[in-house]
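A short worksheet on the structure shown next.
The values are calculated or read from the model by the stated rules, or taken from the named source; none is laboratory data. Computed from a prediction, not measured in an experiment: that's the story for all the values here. Because the Cβ atoms are built from the backbone with ideal geometry, glycine has one as well, and the counts that use them run over all protein chains shown.
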Amino acid sequence: MKACFMGLGYIGLPTAIIAAKHGIEVKGVDVNPTVVEKTNAGELHIVEPGLGDLLKEVVASGALVASTKPEVCDAYFMVVPTPFKGDHQPDTSFVEAATRAVLPLLKEGDLYVIESTSPVGTTEAMAKIIYAERPELEGKIYIAYCPERVLPGNIIYELVNNDRVIGGVDEASTDKAIAFYSQFVKGKLHRTNARTAEMCKLTENSSRDVQIAFANELSFICDRAGINVWELIELANKHPRVNILQPGCGVGGHCIAVDPYFITAEFPKESKVIAMAREINNYKADWCAEKVENAMLKFELENQRKPVVAMMGIAFKADIDDLRESPAKYITTKVMQKCNNASILVVEPNVKEHNVFKLTDYNEAYETADIVVFLTAHTPFKSLKKREDKIILDFCGIFKK
Ligand code: SAJ
């Protein structure tokens, strides 16, 4: 069995490595030559605990070979980004480009799978493109959609142990895809059709977005009402059927803040709650920035000098080094622009150096600052002692009580 993974990013590379580790001959393809070079040298170009050693192993044994071009295999996996363009319209051009790249290589009996998060109907649309170019293959290849569910930081475990949803364009395609994934997935493989599988991925991330929006809305209400939102949520969650998530400084990353738009773009009339959740979570970051600016103005008026402000944690979520689409980074940039870069200390304990921000050690920043803004709930921050001589804006619940 020879499998080709189109896209060696945060999901494609780990999946290719795990497949190679389970006896599949893997061709990893990426348009970026640096990614290909690094992969073939056994060097990881993404950050993921434990994955580096596995990569070295599968490259050394020859089970994984990377290239900028696909070659003839038995199964092809599209694991490329699906960003949005313009007014939050999904952009499936990378999926289409990857599909067109493997199209000439397809032969009878092959499996073609899309893993990329995609708007409903994408798998069927790609099947159409394939059959328009290769009509002789109609009904002779297997086409399915199988989204990933892994959490960065825990990918190796979750790739193997999470349940997965697999939807073919017909029953035979679902069977074929299930047979492939059962070679390395220990979690249950749930069968459905391609459209349901596509919508399932969008639903999972939209559901989380909506739940976080509820928590963020509570944080606005509690701020006005003089109630500690963290205590409130903890108490409400003591109810056996209530499970509210945590408010934060916004929702970041490449999944939860993006995928709901794939639903709202296509079903604008029906997706009211999903659209509103996106608005609330986006607004939360601006609300936080305004709170910081107001606190700075108040300090200046009361003390006749500009405050020193510590912005604590600029990653998109706790305990990771990933700054992509980070609301904390957005807030920090906004505050810095407003105050002409003066006296702002930027803290990110998971990153050594940054080309835009000069980073300060978190203990030093906490000690020096007049105003301390907690943006991301990194574990080391939780060992800091709450100080009465500091103005603390805690947007992520470091000092919950
Ligand atoms: N966040 C909150 N409050 C919470 C939980 C999260 O404000 O209570 C924020 C985080 O700080 C972050 C954002 O939400 O800014 C997203 O973080 P996350 O941990 O919820 O999710 P991701 O983006 O790292 O990964 C998600 C996961 N999806 C779900 O949990 C439904 C993961 O399983 C998916 O594989 C991934 O998206 C993906 O690739 O789609």
In region 251-287, which residues are assigned to a helix (DSSP H, G or I), within 23 Å of Asp394 (Cα to Cα) and not hydroxyl-bearing (Ser, Thr, Tyr)? Ala277, Arg278, Glu279, Ile280, Asn281, Asn282, Lys284, Ala285, Asp286, Trp287
Which residue pairs have Cβ atoms under 6 Å apart, sit 6 or more places apart or on different chains, and have a first residue in region 252-269 that is closer than 22 Å to Asn216 by Cβ and touching a residue at least 40 places away in the same chain (Cβ under 8 Å) and a second that is of a type in the set (A, V, I, L, M, F, W, C) and away from the ligand (no atom under 11 Å from the Cβ)? Pro260/Ile274; Tyr261/Phe84; Ile263/Ile274; Thr264/Ile274; Thr264/Ala275
Of all residues in region 83-98, which are in contact (Cβ under 8 Å) with a residue 12 or more places away in the chain and assigned to a helix (DSSP H, G or I)? Phe94, Val95, Glu96, Ala97, Ala98
Subset of region 196-213 (residues that are under 24 Å from Lys284 (Cβ atoms) and either of a type in the set (Gly, Ala, Ser) or more than 14 Å from the chain's Cα centre (by Cα) (or both)): Thr203, Ser206, Ser207, Val210, Gln211, Ile212, Ala213
Can you work out which of the residues in region 279-288 that are surrounded by 22 or more Cβ atoms within 10 Å (Cβ to Cβ) and within 14 Å of Lys334 (Cβ to Cβ) is farthest from the chain's Cα centre (by Cα)? Cys288
Being exposed (fewer than 15 other Cβ atoms within 10 Å of the Cβ) and more than 9 Å from the ligand (Cβ to nearest atom): is that true of Glu217 here? no
So, in region 231-251, how many residues would count as being within 13 Å of the ligand (Cβ to nearest atom), surrounded by fewer than 20 Cβ atoms within 10 Å (Cβ to Cβ) and either of a type in the set (A, V, I, L, M, F, W, C) or under 28 Å from Pro147 (Cβ atoms) (or both)? 4
Region 303-356 - residue that is buried (at least 22 other Cβ atoms within 10 Å of the Cβ) and of a type in the set (S, T, N, Q) and, of those, nearest to Val372 (Cα to Cα): Thr332
Which residues, taken from region 230-250, are touching a residue at least 60 places away in the same chain (Cβ under 8 Å) and either part of a helix (DSSP H, G or I) or in contact with a Ser or Thr (Cβ under 6 Å, 6 or more places away or on another chain) (or both)? Trp230, Glu231, Glu234, Pro247
Is it the case that region 263-278 has a residue that's within 21 Å of Val335 (Cα to Cα), among the small types (Gly, Ala, Ser) and crowded, with 18+ Cβ neighbours inside 10 Å? no
Check every one of the strands (runs of 3 or more DSSP E) wholly within region 294-401 and list those with 3 or more residues that are touching a residue at least 24 places away in the same chain (Cβ under 8 Å). 309-312, 344-347, 371-374
Give the residue, chosen from Phe94, Phe77, that is in contact with a Phe, Trp or Tyr (Cβ under 8 Å, 6 or more places away or on another chain) and among the hydrophobic types (A, V, I, L, M, F, W, C). Phe77
Does Val72 satisfy being surrounded by fewer than 18 Cβ atoms within 10 Å (Cβ to Cβ), assigned to a loop (DSSP other than H, G, I, E, B) and aliphatic (A, V, I, L, M)? yes
When you scan region 317-332, do you find a residue that is assigned by TED's automatic domain parsing to the domain that holds Asp361, hydroxyl-bearing (Ser, Thr, Tyr), away from the ligand (no atom under 11 Å from the Cβ) and modelled with pLDDT under 95, even just one? no
Of the residues in region 252-274 that are more than 12 Å from Leu202 (Cα to Cα) and under 19 Å from the mean Cα position of the chain (by Cα), the one that is farthest from the ligand (Cβ to nearest atom) is His254
Taking region 220-229 only, how many residues are in contact (Cβ under 8 Å) with a residue 12 or more places away in the chain and surrounded by fewer than 20 Cβ atoms within 10 Å (Cβ to Cβ)? 2
